[in-house]
Amino acid sequence: MKKCILVLAVILIAGTVLGCKGNKQAERSSETPDVIVIASQQDFAVLDPFNTTATPDMNANWCIFDSLFNMDIHGNVYPLVAEKWEVSSTGLEITFHIRKGITFHDGSPLTAKDVVYSAQKMKESPFKRRVAVLFDRAEVIDDHTMKFILPQPAASFMYELAYNFAVYSEAATERLGDNFKNNPIGCGPYQIVSKEAGKGVTLKAYEKYYGGVAPIKNIEFKVIPDASTALVSLENGEIDLCQYVPAASYPLVIKNPKLELLQTKYSRVFNLILNTKAAPFKDNVALRQAIAHAIDKQFLVDVALEGYGSVAVTLVNETFIAYPSNISKHAREYNVDKAKQLMKEAGYANGAGLPTLKISTIEMFKKQSEIIQAQLKEIGINVDIEMNELSAYLAMQSGGTLQMGLMSTNQGGDASVFAQLLLEGASNNGACYNNPEVARLFTKASAELDNTKRAAIFDDLYRIVLDDMPYVSIYFPDTISCGRNDLDFAKIMDFVAYKGNLYSYK
């Protein structure tokens, strides 16, 4: 999943556009199923892409909505709502030409006014702060032309648009109000049929989709919380695709002639969040560092992931654009003796005087939380584990009320994306972290178009983050997709977002 590190600078400067991919209807036999059933370990909460970051929600949103363009994991760009674009010589204006004839799912026409309305919604969304700061405003030029105006050239802007932007219908969004999150209207290849709590989301192909009717007529996202149950459902043909089959069961999938297993390195990182504004972590870097040195990350990879993953040094790994390749020199290695020494420096030698701490997480990370609980006990830290529903956990994280949180996150694949976790006021900053120098370096990296130079800036930035330790980044799980062997799900993994029209049978 390594990406071409120069592609974003080239796109930003020259406005390069590659041919559209994935929008032609696949040739299928009459025996090919007209439905794909996809397992989801968590329930669906908000089908509104600017107001959620939860993976289940986004999986559905990427079928219902379209962005201006899409991007694959190598950094190549493919037109969607925008058929072409130009970048000004200063890099401060990007003009998009909107395809004519696009309609939303309610039949209303899509115009540049809707795109500008969407840009303003992005500006107002706490979930999209890292993108919103990259542009000053958006303006309508005519019915099918609009432009973004940037305060300074931004190397990550095109990537962020591909991954985060969605085109909303102004009329439908305003009309539906709070009910929009349950009955969204987009312009993507699929439209909503139903959303049922605890059951899932059902979509059907939008017959007037500008890219051609989707190869598979129906998508069902089915909530199956238990991973073992999901495996049985996959083997029985009740579901067609699952990305959370128990690691210990992968050999069963590999041996099954009706199934296929796809292993892919990925940008999702699993973190222990330490609230830097709450006791006992506030103003106590030594305590946060002690916890980092007390966690045996390789053991967690081996036990929790059955080895299907890699140890994390910090929030980013080599799959990210502008990856800080020298950051590994500053890794906080597993070292119990060092952790105990830091506990003494923190004022809690052998845990004396430290109250029992609390890790908040969700059921799917129960094993990981119990391993960390045992490892922290080795240095005198007693921990209680609090299990939450995903929506309740996310509310605590965005509200800054966690003491410690255990959660995985996938913000995207550019090294700039973790501004969402590291800038004061960002919605996903569960650590309540604030370091002006980190904020300055994010701004500096954004203005630099040379990704080699950006990587050097991110080396400095993520070294500071390692010193401050608001997040103990533990591992990057490989993405393991298990599905029917006649389902072409490899190409789904080749794209950053907006995957709806990529689902197809071979």
Using only Cα atoms and rounding to the nearest 10 degrees, what angle (0 to 90) does helix 436-447 make with the longest principal axis of the chain?
30
So if the hydrodynamic radius of region 373-506 is defined as the Kirkwood radius over C-alpha pairs, what does Stokes-Einstein give as its diffusion coefficient at 37 °C and 0.692 mPa s, in µm² per second?
183
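What order do you get for ASP283, ASP478 when you list them from fewest to most C-beta neighbours inside 10 Å?
Working: ASP283 9, ASP478 18.
So the ranking, lowest neighbour count to highest, is ASP283, ASP478.
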Subset of LYS199/LYS282; LYS199/LYS297; LYS277/LYS340; LYS277/LYS329; LYS282/LYS453 violating a 30 Å alpha-carbon distance limit:
LYS199/LYS282; LYS199/LYS297; LYS282/LYS453
Evaluate the relative contact order of the chain (contact order divided by residue number), counting alpha-carbon pairs under 8 angstrom at least 6 apart; express in whole percent.
21
Rounded to 10°, Cα long-axis angle of helix 336-345 versus longest principal axis of the chain:
80
For region 315-407, compute Rg over Rh where Rg is the Cα radius of gyration and Rh is the Kirkwood radius from the inverse mean 1/r over Cα pairs.
1.03
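Of all DSSP beta bridges located in region 269-477, what percent are antiparallel, nearest 5?
Details: 13 of 22 bridges.
Of those bridges, close to 60 percent are antiparallel.
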Per-residue HN-Hα couplings for region 39-45, Karplus 6.51 cos²θ - 1.76 cosθ + 1.60 at θ = phi - 60°, whole Hz, x for Gly and Pro?
6, 10, 6, 10, 6, 9, 10
Which value, in Å³ per residue, describes the convex hull spanned by the Cα atoms of the chain?
128
Compute the long axis of helix 55-64 from its Cα atoms, compare it with the longest principal axis of the Cα atoms of the chain, and write down the angle in degrees, 0 to 90, nearest 10.
10
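Could you sort out which of LYS255/LYS506; LYS123/LYS491; LYS344/LYS377 sit more than 23 Å apart by Cα distance in this structure?
Numbers: LYS255/LYS506 20 Å; LYS123/LYS491 31 Å; LYS344/LYS377 15 Å.
With Cα atoms farther than 23 Å apart: LYS123/LYS491.
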Fewest Cβ neighbours within 10 Å first, please rank ILE239, ILE185 accordingly.
ILE185, ILE239
How big is the Kirkwood radius of region 269-477, worked out from every pair of different alpha carbons and given in Å to one decimal?
17.2
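Calculate the FRET efficiency for ASP283 and ILE141 from the Cβ-Cβ distance with a Förster distance of 45 Å, rounded to the nearest 0.05. Can you show the working numbers first?
Working: r = 51 Å, r/R0 = 1.13.
Calculated value: 0.30.
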By Cβ neighbour count within 10 Å, fewest first, MET396, MET469 rank MET396, MET469
Straight distance only, please: which lysines reach the Cα of LYS100 with their own Cα at less than 25 Å, same-chain residues fewer than 8 apart left out?
LYS21, LYS24, LYS84, LYS113, LYS121, LYS147, LYS204, LYS208, LYS217, LYS499
Provide the per-residue ³J(HN,Hα) series for region 85-99, in order, calculated from phi with Karplus coefficients 6.51, -1.76, 1.60 and θ = phi - 60°, each as a whole number of Hz, with x at glycine and proline positions.
7, 10, 10, 5, 4, 7, x, 9, 10, 10, 9, 10, 9, 7, 4
Taking placed amide H atoms and a strict 5 Å upper bound, the residues 5 or more places from THR145 or on another chain that come that close are ILE98, ALA112
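When ranked by the protection proxy of mean other Cβ atoms within 10 Å per residue, highest first, what sequence do the peptides 414-427, 72-85 form? Provide the component values of the computation, followed by the final result.
On the way: 414-427: 23.0, 72-85: 20.2.
So the order, starting with the most tightly packed, is 414-427, 72-85.
List the relative contact order of region 269-477 as a percent without decimals, with contacts defined as Cα pairs under 8 Å and 6+ residues apart.
Details: 400 pairs, mean separation 76.5, N = 209.
Taking the mean separation of contacting Cα pairs over the length of region 269-477, I get 37 percent.
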Using the Cα centre of region 269-477 as the reference point, and only Cβ charges (+1 on K/R, -1 on D/E), how large is the resulting charge dipole? Debye, rounded to the nearest 20.
340
For a protection proxy built on the mean count of beta-carbon atoms within 10 angstrom, sort 263-274, 221-232 highest first, please.
263-274, 221-232
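Out of the DSSP beta bridges found with both residues in the chain, what percent are antiparallel (nearest 5)? All intermediate terms of the calculation are to be shown ahead of the outcome.
On the way: 53 of 69 bridges.
The antiparallel fraction comes to roughly 75 percent.
Quick note: the coordinates plus some simple rules give every number you see, no bench work behind them. Note that the structure is a prediction, hence the values are computed from the model and not measured. Note that each Cβ is placed from the backbone with ideal geometry, even for glycine, and that neighbours are counted across all protein chains shown.
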